[in-house]
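A.B. asks: Sending over a structure as structure tokens; questions will come in a sec.
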Amino acid sequence: MAVTLEAAIVLTDAPESLPEVLGLATPLRLVLALGKVGVTRVTLVGEAAAAWQQRLLGDDRLAVTLDVAPAVPQGVGLCLDGTALFDVKALRGLVDGPDGAALFDGRFLAARCRLGVNPGDPLVHPERVSLPGVAQRVVTAADARRAEDALLESLRKPQDGVISRNLNRYISLAVTRRLARLGLRPNQVSVGILAMGLAGAWLASTGSHAALALGGLAFQAQSVLDGCDGELSRVAFRGSRLGEWIDTVGDDVTNYSFFAGAMLGLRAMGLGAVATPAGLVGLCAGVLCSAIEYRYLVAIGSGDLNRYPLGFGQDFDGPSDAEARGLKRLAGLLRPAFKRDFFVFATMLACFAGPRAVLVMLVLFAAGAVLTLSAVLRAEWSRGFKLPPS
């Protein structure tokens, strides 16, 4: 079904009477989410429509035409109550749902109107539907708190590693809740997170066990908080290409800086014979790998490293299908250990354990960088080192 291009929001509550959810009023969330699912025009109706239009028009994120009308216009494909909170996933489910489908929680929340009929008609005998994502009414402070919990929980990613899933994400979501209420922007948070990572690298370079432990703790804190800028960009509707690049480059700079600092710190503690070559190999392989990946991302117009088709742990050539399947299974078992959340957490523990444990992690960092570089070169070779069309 084609995307619904026009919507109406019924507003009877004045702007000052509705609680905010993660720093945004519910009608504003509705308008911003509607823009994300392809709606280009939103009509506000109801006794508070004019007041809401005046408030919403000043928002720099607005990507739809905002009108006011005395009643829901004929031909509108989607009608929503102004106290209903929908995330983008739920709205897409409603937009793609059948004509006449409606959602209730004792009162009307939203309906997918039949084209060519009076928009009020589907609400008489609607086909009730359940939706994926977050869809609930927000009128009281308690409603707002439940909506915040639901929105934050929806930010969890299926690709999260074991440490992110069981530790990091709990902390980052709690921090994101507070950052959203403060009105901070994701790129500001990204810069602060990078500064924390660089502080950890400096501590690791100073050449004492205590500073190494503090540096490892800062490295882990950066990994935990690294989720906050992305979470904040989604709940605040402030995602951007620049934000993707700051996040991607910030992670790489933090990783390379920390292990460069660890190399210098271990040299100062008399372990340079192994630390120096391992560190230099890891840094050279890592920087070269990042340069190749960035070249691809620039070509496709993205700063999201997940868009790079690495294929690591998926494609192996071998003398037999059985051996290839065995290599794939082995890669599947090893891959979680090289996910950033797990590796940073293990590095923090090594920093507390002592210089020799950090030396082991530095060697593993070098090995991982070489393996990743080989996978990147293989992926590039398979494409003939050609860039995709932009």
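A.B. asks: Examine segment 247-256 for a residue that is modelled with pLDDT of 95 or more, buried (at least 18 other Cβ atoms within 10 Å of the Cβ) and more than 20 Å from the chain's Cα centre (by Cα), and state whether such a residue exists.
C.D. replies: yes
So that you can scan it fast, the table gives a plain yes or no per residue for (1) within 20 Å of ILE246 (Cβ to Cβ); (2) in contact with a Phe, Trp or Tyr (Cβ under 9 Å, 6 or more places away or on another chain); (3) modelled with pLDDT under 95:
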site	(1), (2), (3)
ARG145	no, no, no
LEU151	no, no, no
PRO158	no, no, yes
ILE171	no, no, no
ALA201	yes, yes, no
GLY207	no, no, yes
ALA218	yes, yes, no
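A.B. asks: Oh, and also: Would you mention how many residues in segment 36-48 are of a type in the set (Gly, Ala, Ser) and free of Cβ contacts under 8 Å to residues at least 40 places away in the same chain?
C.D. replies: Initially, segment 36-48 is screened for residues of a type in the set (Gly, Ala, Ser), giving 38, 46, 48.
Cutting the leftovers down to free of Cβ contacts under 8 Å to residues at least 40 places away in the same chain gives us 46, 48.
Number of matching residues: 2.
A.B. asks: I've got another one for you. Return yes when THR248 is under 19 Å from SER172 (Cβ atoms) and hydroxyl-bearing (Ser, Thr, Tyr) and no when it is not. Break it down into steps so the answer makes sense when it comes.
C.D. replies: Numbers: under 19 Å from SER172 (Cβ atoms): yes; hydroxyl-bearing (Ser, Thr, Tyr): yes.
Yes: the conditions hold for THR248.
A.B. asks: Please count how many residues of segment 366-387 are in contact with a helix residue (DSSP H, G or I) (Cβ under 7 Å, 6 or more places away or on another chain) and not small (Gly, Ala, Ser).
C.D. replies: 6
A.B. asks: Okay, next question. Answer yes or no: is there a residue in segment 193-204 that is without any contact (Cβ under 8 Å) to a residue 24 or more places away in the chain and crowded, with 16+ Cβ neighbours inside 10 Å. If you could, list the steps in order and put the result at the bottom.
C.D. replies: Of segment 193-204, the ones without any contact (Cβ under 8 Å) to a residue 24 or more places away in the chain are 195, 199.
Filter once more, so that each one left must be crowded, with 16+ Cβ neighbours inside 10 Å: 199.
Looking through segment 193-204, at least one residue is without any contact (Cβ under 8 Å) to a residue 24 or more places away in the chain and crowded, with 16+ Cβ neighbours inside 10 Å.
A.B. asks: Shifting gears a bit: Inspect segment 207-221 for any residue being over 24 Å from GLU153 (Cα atoms), touching a Pro at 6+ places or on another chain (Cβ under 8 Å) and in a helix (DSSP H, G or I) and give the result as yes or no.
C.D. replies: Taking segment 207-221 and keeping what is over 24 Å from GLU153 (Cα atoms), we get 207-219.
Right, trim to touching a Pro at 6+ places or on another chain (Cβ under 8 Å) and you get 209, 212.
Next, only the ones that are in a helix (DSSP H, G or I) stay: 209, 212.
Yes, the conditions are met somewhere in segment 207-221.
A.B. asks: When both residues are 6+ apart or on different chains and their Cβ atoms are under 7 Å apart, which pairs have a first residue that lies in segment 376-390 and is on the phi < 0 side of the Ramachandran plot and in the same structural domain as PRO309 (by TED's automatic domain parsing), and a second that is surrounded by 11 or more Cβ atoms within 10 Å (Cβ to Cβ) and of a type in the set (Asp, Glu)?
C.D. replies: Within 7 Å, the pairs are VAL376/GLU293.
A.B. asks: Can you list residue pairs whose Cβ atoms sit under 7 Å apart, with the first residue in segment 61-87 being farther than 17 Å from THR40 by Cβ and in the same structural domain as LEU24 (by TED's automatic domain parsing) and the second being basic (Lys, Arg) and surrounded by 15 or more Cβ atoms within 10 Å (Cβ to Cβ)? Count only pairs 6 or more apart in sequence or on different chains.
C.D. replies: Between residues of segment 61-87 that are farther than 17 Å from THR40 by Cβ and in the same structural domain as LEU24 (by TED's automatic domain parsing) and residues that are basic (Lys, Arg) and surrounded by 15 or more Cβ atoms within 10 Å (Cβ to Cβ), the close pairs are THR83/ARG137; ALA84/ARG137; LEU85/ARG29.
A.B. asks: Scan segment 257-300 for residues that are crowded, with 22+ Cβ neighbours inside 10 Å and of a type in the set (Phe, Trp, Tyr) and jot them down.
C.D. replies: PHE258, PHE259, listed by residue number.
A.B. asks: Okay, next question. Consider segment 231-246. How many of its residues are touching a residue at least 60 places away in the same chain (Cβ under 8 Å) and part of a helix (DSSP H, G or I)? Before you say what the answer is, go through the steps one by one.
C.D. replies: Of all residues in segment 231-246, those touching a residue at least 60 places away in the same chain (Cβ under 8 Å) come to 231, 234-238, 241-244.
Filter once more, keeping what is part of a helix (DSSP H, G or I): 231, 234-235, 241-244.
Going through segment 231-246 one residue at a time, the tally reaches 7.
A.B. asks: Checking the conditions here, which among THR83, THR40 is within 22 Å of SER240 (Cα to Cα) and of a type in the set (Ser, Thr, Tyr)?
C.D. replies: Numbers: THR83 fails: within 22 Å of SER240 (Cα to Cα).
Going through THR83, THR40 in turn, the sole match is THR40.
A.B. asks: Does at least one position in segment 45-65 carry a residue that is exposed (fewer than 15 other Cβ atoms within 10 Å of the Cβ) and in a strand (DSSP E or B)?
C.D. replies: yes
The values are calculated or read from the model by the stated rules, or taken from the named source; none is laboratory data. Predicted model only: the values in this text are computed from it and were never measured. Neighbour counts run over all protein chains shown; Cβ positions are idealised from the backbone, glycine included.
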